[in-house]
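Engineer: Below: one structure in structure tokens.
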């Protein structure tokens, strides 16, 4: 074992103290990076980025909440006996008004030679609803009479006829609907 003199001991102690300070400074930098994700001099820039990220997150969350409030795609199923028709509704206020009244069990009537109609309990809001160019499978609302129309042949347009949606399956069953039908929301 080597014996060191006092001067060497002081020198070793100074080196150890410097090493401790360097390690402590490194540890503080590592902790700072762990907390903020940036070197200390980058924290000012990071604060600005963090604020932008918070604003982006808030806007993203608002959009997500808006999506949750409204169904992405509104579909309804019309059933009578063994016949089923599925309609995909548009995003109009009239389509939403109809969708909000579901489920309903109601009488369907034959009208003319190209449509089946029924009368929902409440009139539909047509404020932003497009006019219909009715053809096979069109679901429409005739505002003057307050009836919903399911077309089983081409029709065209009429004043006060608003489009609610289109049949996506079972349109061949519209012409054979009669009596009581059940209408409900449909999710696949």
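Engineer: Label-point separation (nm) for residue 33 and residue 187, each offset 7 Å from Cα along Cα-to-Cβ?
Structural biologist: Calculated label separation equals 4.7 nm.
Engineer: Go through 150-157, 106-113 and give me the packing order, highest mean Cβ count within 10 Å leading.
Structural biologist: The densest-packed peptide leads the list: 150-157, 106-113.
Engineer: How long is the gain from residue 11 to residue 122 if the chain were fully straight, where each residue apart is worth 0.36 nm and the alpha carbon distance is subtracted?
Structural biologist: Length difference between fully extended and current span is 30.5 nm.
Engineer: Return the distance in nm (one decimal) between the two label points of a simple spin-label model at residue 157 and residue 169, each offset 7 Å from Cα along Cα→Cβ.
Structural biologist: It is 3.3 nm.
Engineer: How do the peptides 18-27, 140-149 rank, highest first, by the average count of neighbouring beta carbon atoms within 10 Å per residue?
Structural biologist: 140-149, 18-27
Since every read-out is calculated from the coordinates, none of them should be taken as a lab result. No experiment lies behind these values; they were computed from the predicted model shown. Cβ sites come from the backbone with ideal geometry, for glycine too, and all protein chains shown count toward neighbours.
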